[in-house]
1. Take the residues in region A:208-227 that are surrounded by 14 or more Cβ atoms within 10 Å (Cβ to Cβ) and closer than 12 Å to A:A264 by Cβ, then tell me which one is nearest to the other protein chains (Cβ to nearest Cβ).
2. Got a number for residues in region A:382-398 being in contact with a Leu (Cβ under 8 Å, 6 or more places away or on another chain) and either crowded, with 21+ Cβ neighbours inside 10 Å or more than 7 Å from chain B (Cβ to nearest Cβ) (or both)?
3. Looking at A:G469, is it touching a strand residue (DSSP E or B) at 6+ places or on another chain (Cβ under 6 Å) and free of Cβ contacts under 8 Å to residues at least 12 places away in the same chain?
4. Residue under question is A:L428, and the condition is that it be surrounded by fewer than 21 Cβ atoms within 10 Å (Cβ to Cβ), within 22 Å of B:F178 (Cα to Cα) and facing chain B (nearest Cβ under 10 Å); does it hold?
5. Kindly evaluate B:A196 against the criterion of being assigned to a helix (DSSP H, G or I) and either surrounded by 14 or more Cβ atoms within 10 Å (Cβ to Cβ) or more than 10 Å from every other protein chain (Cβ to nearest Cβ) (or both).
6. Conditions first: (1) away from every other protein chain (no Cβ under 11 Å); (2) surrounded by 22 or more Cβ atoms within 10 Å (Cβ to Cβ); (3) of a type in the set (S, T, Y); (4) in contact with a Lys or Arg (Cβ under 8 Å, 6 or more places away or on another chain). B:S334 passes all but one, so which condition is the exception?
7. Of the numbered conditions (1) touching a helix residue (DSSP H, G or I) at 6+ places or on another chain (Cβ under 9 Å); (2) over 24 Å from B:F441 (Cα atoms), A:R350 satisfies every one except a single condition; which is it?
Amino acid sequence: MTDIGFTSQGIAPRRTDTRSVAAKARLKARYRSNTRFRWYGISALAIASAFLVILITDIFTKGMPAFWQHSIVADVAVTEDIVDPDGKRDPSAILGADYMALARTALAAAVPGIEGRTQKKQLNDLLSSGAADELRTEVAAHPEMIGKTVKANFLLSDTADLYLKGDGTPIINSAPSLGTATPSATAGEITVLTTDTDFAAALVEVKKDIQSKAAALSAEADRLQRLNSGTTADRIAELRKDAKSLEARLSNPNSEEVLDGKIASHLVEINGGLVKVTKLASSVVTGDVLIPLKSTEAAAPGQWQLITYATPETDRSISDRGVAFLEHLRSNGHVEKQFNWRFFTAGDSREAELAGVRGAIVGSLLTLFVTMIICLPIGVLAAIYLEQFAPKNRLTDLIDININNLAAVPSIVFGLLGLAVFLNFFGLPRSAPLVGGLVLALLVLPTIIITSRAALRAVPPSVQEAALGIGASKQQAIFHHVLPLAMPGIMTGTIIGMAHALGETAPLLMIGMVAFIVDVPKGFTESATVLPVQIYLWSDLPEPAFQSKTAAAIIVLLTVLFVMNGAAIWLRKKFERRW
Amino acid sequence: MPALYLAATVLLVMAGFFVSRGRAIAVGGAKLSQLHSLPVYHGLYTAALVLVPMLLVYAIGTPVVGWLAEHNALSNFPSESITDPLARSTLLREITNLIAGVTSGESSEATRSAAVSFTETHVLGQRVILATGIVVGFAAGFWGTNKVALRFRARDRFEYIVQVLLFLCAAIAVLTTFGILFSVAGESYRFFFDPAIIGRPGVFDFLFGTEWNPQAAMRADQGEIATAYGFIPLLAGTLLITVIAILVAGPLGLLSAIYLAEFASPKVRAIFKPVLEILAGIPTVVLGFFAALTVAPLLRGAGETIGLDIASESALAAGLVMGMMIIPFISSLSDDVINAVPQAMRDGAYALGATQAETIRQVVLPAALPGIVAAFMLAISRAIGETMIVVMAAGLAANLTLNPLHAVTTITVQIKTILVGDQEFDSAKTLAAFALGLVLFFITLFLNYIALRIVRKYQEQYD
Amino acid sequence: MDMSVAFDVNTALANGALVTPAGPPPKISAQGVNVHYGEKHALKDVCVNIAPRAVTSFIGPSGCGKSTFLRCINRMNDTVATCRVTGSILIDGEDIYDPAIDPVELRSRVGMVFQKPNPFPKSIYENVAYGPRIHALAANKGELDAIVERSLRKASLWEEVKDRLNESGTGLSGGQQQRLCIARTIAIDPEIILMDEPCSALDPIATARIEMLIEELRQAYTIVIVTHSMQQAARVSQRTAFFHLGTLVEEGETQAIFTRPSDQRTQDYITGRIG
C-alpha cells in the first residue's frame, strides 16, 4: 500500500553490502561456521554409533568363545564291575553308576605315570564335575556297550577350557640347548645338569624381571602416596615391603635364583617328561617333575629344552601342572573342540562349563506368553474404546493422561506393584512366570495401547463411513473393517512391546525371579528365571568362565530381539499403506 | 473343580448361543432380513447374558468359600491361638500342607480335624458355587432365549455389553495407576506411621537425612545398630549419575537429531535412524554388563595411568553408559519436534539469506525449544528410574559426594538391594524400599506430566 | 401402503410452510431442521419435501450446509460427537430422529455414496457382498452371488469387473471405484440413495458415466445428490434445492430454479456472483 514510504522521508535505500572484502570474509566465516555445525552433528552421530559398535564388538569378543567347549577324547573301558556290578542290566543301576571313575581312569591312561594324591587330584580337576554325563546317557541308552572299550568325550572344567581357549599363558621355547643334560631321577624333586651354560640367559631374564617388578611396586606405592587418600596407607606399606624383598633378592650376588609364582615359570622338557624349575643356576636347575621322565639317560644337545610360561602362575587361574597336563593331552591329540550345544540344552549350574540358558529361555517364553495373552486383547480393546467410542469428557481425558504417564513410570515401580499386589495381596507364587507375565503385561500395556491407537487413527475415517453408509453398526464397521486394516500396525507395536518385555529385568527381580533354578520350568506357577535375569545373575559370579557365558547369553538375547524387531520392521514395510 | 465350573460355563454359554440363534432363524423364517438383528447377535447376546453372571458367581463365590473354609478349620483351635496373625498363618500353612500331603513329622489331632473341616467346607462350598452358577446360567439363558423376537434389538444390546467390556479394558490403565499408588503409598504409610514397625524414621528424617544405612529388623533386645534412613545421599547419587548421563547424551542426542533432521540425506537417515533404534532396543541389563565389566575397568585403568584414583564402581562409568542409553531417547524425541517445525519458518530464514546452521540455531531450535526441553525432561526421568545399569555398575554404599570418580548409590539400587532376597514384610528396612519407590514414582510422574503438557501445547501450536 | 394416510396428513400439515410440489406424496419431508456443530449453527430451520423416484440436487457455495443436511437424512451426523440435530425429518411419514428408530437400520434403507470413492480395501465381490451379509439379505451363497451380480449390473460395472471379482476394489480406476460404491449401496436395496458430490473426484468421462447411471437409478430409487456443479444439477436432477449460509433459500423444479429463480441470492449464485 505504501511502497513509497521511505523515499518520501528522504532516506536513500540501502543495499546489503555483498561486494566488499569485509563482506566476503564475513560470508566465508559464516560458511565455515555452517560447516563446523554440520561436523558437530556428524561427530555426534559417529560417537553414538561408535558406542553401539564398541558395545556389540565387546559382547561378541567376550561371548563367542563360550559357544565352543573343549573336552578330552579318550578310550574308555566301560567295565561291568563299575557300571553294572550286579550284571542285571537294571537301567536305574546303570544310570546311577560312578562314571566319573571311568573318566578318571581314561584320563590317567592318557597322562601316564602320575603318582601321588595331590598330583592325581590336579589331573582329575581338569575334568568337569559333569564330565561323565554324556557317557552315562550313552551307556544307559546302549547297554550293549558294557564290557567294551569305547571312545568317549569328557568335558573339561571351565579353567581348563579357558586355558585351551587361550586365556592362560604364552609358552616360549628357549633357544636350542647346547649342552648335554642329565636328570637325576624320573620323578619327584630332581636336578638337571647341563654341560653348557644353557640356563644363563634365563637367569638374566629372571633377574631383570624381578628388578622391573620391584620398580613397578615402588612406583605404585609412590602414586598412592601422592594421592594420599588415607585409606591406602596399609596398601602402601605392603607394596614397599614387597618391593624391598625383591630388591634384596637382586642384591644377593649368588648366581642361583629361586623361582616362585610371582614371576614367569621355567620348565625343562627332557626325556619325554617335564620338570618345573624351582632353583635356577646357569648350568644346573633343581625342580619338581610335572610329567614323569621316561629315563635318567643323558639327553644330547637339541634333544631337550627350556620352556617358559610367560604369565606368572599367580596371575592365572590354572597351575603350571594343569598347563603341563593340558599341553601333554593336546600334543597327544586327546583334546577336542566342539560346538557347545549344552549351552542351549542345559539349565543353570554352578559349574560354568555345565551352565546353559535353556531354563531361562523357557522361563522367558512362559512369561512372555502370559504377557501376550493379557496385554494384546486388553490393549487393543482399550485402544478401540479410547480411539472410537470414548466421549470427550474428563474421565477419558484422565485415562488418556494416565496411559501416557504409565508408559514412562520406571519399570522397577511396576515390580513394587507386583510384589505388593500379586504376591502379598493375592498370594500368587513367587518367582513364577505367571506373576512375571502379569507385571510385564501391566508394564507394556501403555505401549500397546498407544501404538494401537496410532494404528487405528491411521485408518482413514472414509473406511468407517463407507461401512456406516450401508447400514453397518459402528462396532461392525470397526471390527469388520477398521481393526483388520489397523492390525499390521497393532502387531508391529505388539512385537516391539514384547521385545521390550523380553529385555526387562528390574521388575522381575522384585518378584523373586532371581532364584538359582537348575530345572527347566514346566508350568506357569513353577519357579523360573528369564533370560535377562539369568544374564544379571551370571554377571555377578566371580568365575571368569561365567563372564564369557554372560556375554554368550547376551548374544542369544540380542539375537532374539534382533529377530523380533526385524519382524516388526518387515511387517511395517509389507503392510504399510499410504492412504 | 475350577475345570468343572469352566466346563459348565462353556457348555451353558454355547447352549445359550445356539438355542437363541436357532430361535432367531426360526422367527425370521424365509426372510431373515425382517429380523432387526442377525441371528448370530441373538445368540451372542444370550451367550453374554449367561457368561457374565456365571463368572460373577465364581468370582464372588470362591473367596467367600475360601474364607468360610479357613474360618471353620480354625474353629478347631482355641481362640487365643488364632488371634495372632503370625500364629494364624502358621496354622493355616500346616493345614494346607497336611491336605496337600506334605507333612513334616506328626501333626496334632486339632490340625487333622481342622484339615478335615477345611476340606469339607471347601468341597461343599465348591458344590454350592457350581449349583448356583448352573442355576443362574440357566435362568439367564432362558430369559435371553425368550427375548428372541423379530424386532428385538439383540445387536444393540450385545454391542452395549461389548462397549462396557471395551471401557473396562481402558479402565485397567487407570486401575494400574491406582494399584501403584495404593500399594506403594500404603506400604510407605506404614513405614512412616505404623507404630508396630521398629526403627521407622520420621518423614522429615527420611527426606532430609544425610545418612542411609538400613539394617534388617531388630528386636528390642538386640541393641542399637546404627540404622539410618536419610534419603539425601541416594538422591545425590541418583542426580550425580543422571547429570553425567545428560551431559553425555544431551549434546550427542540433540546434535545427532539436528543432523539427521536437517542435514542428512535420506540415505544417511535410512542408515543411522535404525542404528539409534537398535541402541534404544538394547536391554539395560546388557548395558549394565558393559558398564560393569568393560567401561568401569577401562576407566579405572585409564585413571591409573594418569594418576587418578577411580573407584571400580564409579558414578562416571554408570553415568557414561546411562548416557549411552538415553542418546536415542533424546535424539528421536528431538527429531520429532524438529520435524514438526513448519517448513515455512525455515523457508523464511533461507529467503533472508541465512545459512543452514544459522537457520537451525536462530529459527528452528528456538521454535522447537519447548519440545526439546520436554525431551530432556523425559530423558532425565528415564535416567532417574533406570535400574539395571546402576545395579550392576554403581555402588551400594551411600556416600554423599559429588565426585564422579567415587562410588555412589541410587534410589533404584537401594530398592533392588533391599527387596531381592529374603524379606520380612513388617520390617522398616523392607518398607523403606516402598517409600523410595513412592518418591521415585512422584519424581518421574512430575517430570513426565510437565513434559507431556509441554509436548501437547507444542503440538497444538503447530497443528 | 397403509402409510399413505399419514403422508397426506403430514403434507397437509406442512403445506403452510413449504413450497409443496405437486404430484405424489414426498419420500422425505424435513421440518424445521437445525444443526449445530458445537457452537456453530450450521443449518438453520430447513424445511423441504423430497419427491420419490426422482433426483433432487442440492446446490450452493461451499460451507452452505448442503452436505450437512444430506448427512442428516441417514443420521450420519450421529457419528460426530459435537453435532446436535433438532427438528424432524420424516421418511415415509416416520420421524427418523424418533428415539425408537435405530440409525443403523435406517442407514440400510437410506444408502450413501461419498465424495471420494471409498471402497473397502477388500475384493470387489466382498465390497458388494458385505452389506447383504450384515443385513441377512441372502440365505445362501447362490443368492449372495446373484445380489452381487445384479448390483454390479445395475451400477453398469459388471462387464468391466466380472472376471476379476476377487481383485481388490482399490485397484479400480476412480470412476469404477465410485460405481463400485454405488453398487455396494444398491446391494442392500435401499429406498433412498444419498450422493455427496459423487463426481467431484472424477474426470469428465467417468462423471458422464455416473450421471448416466444416476439417470437409470432414478427409476427405482429416490436420489438426493449434493453437487458443486450447477451444470451437473441441471443435467441429472428433476428438482433442485439451493442452500446458502446454512439456510435453504429455495427449492423447485430444476428447470425453474435455473431459468427463473424466485430469490435474488439464487439468481446471484447461478450467474456466478456468489460462490
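1. A:K213
2. Here the count works out to 7.
3. Against the criterion (touching a strand residue (DSSP E or B) at 6+ places or on another chain (Cβ under 6 Å) and free of Cβ contacts under 8 Å to residues at least 12 places away in the same chain), A:G469 qualifies.
4. no
5. So B:A196 fails the test.
6. Here B:S334 meets the rest and fails (4).
7. (1)
Quick grid of which residues meet (1) surrounded by 20 or more Cβ atoms within 10 Å (Cβ to Cβ); (2) not hydrophobic (A, V, I, L, M, F, W, C):
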| residue | (1), (2) |
| --- | --- |
| B:A375 | yes, no |
| B:L378 | yes, no |
| B:A383 | yes, no |
| B:V390 | yes, no |
| B:A398 | yes, no |
| B:T401 | no, yes |
| B:T410 | yes, yes |
| B:K416 | yes, yes |
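The values are calculated or read from the model by the stated rules, or taken from the named source; none is laboratory data. Just so we're clear, the structure is a prediction, and the values are computed from it rather than from any experiment. Neighbour counts are summed over all protein chains in view; Cβ atoms, including those assigned to glycine, are modelled from backbone coordinates with ideal geometry.
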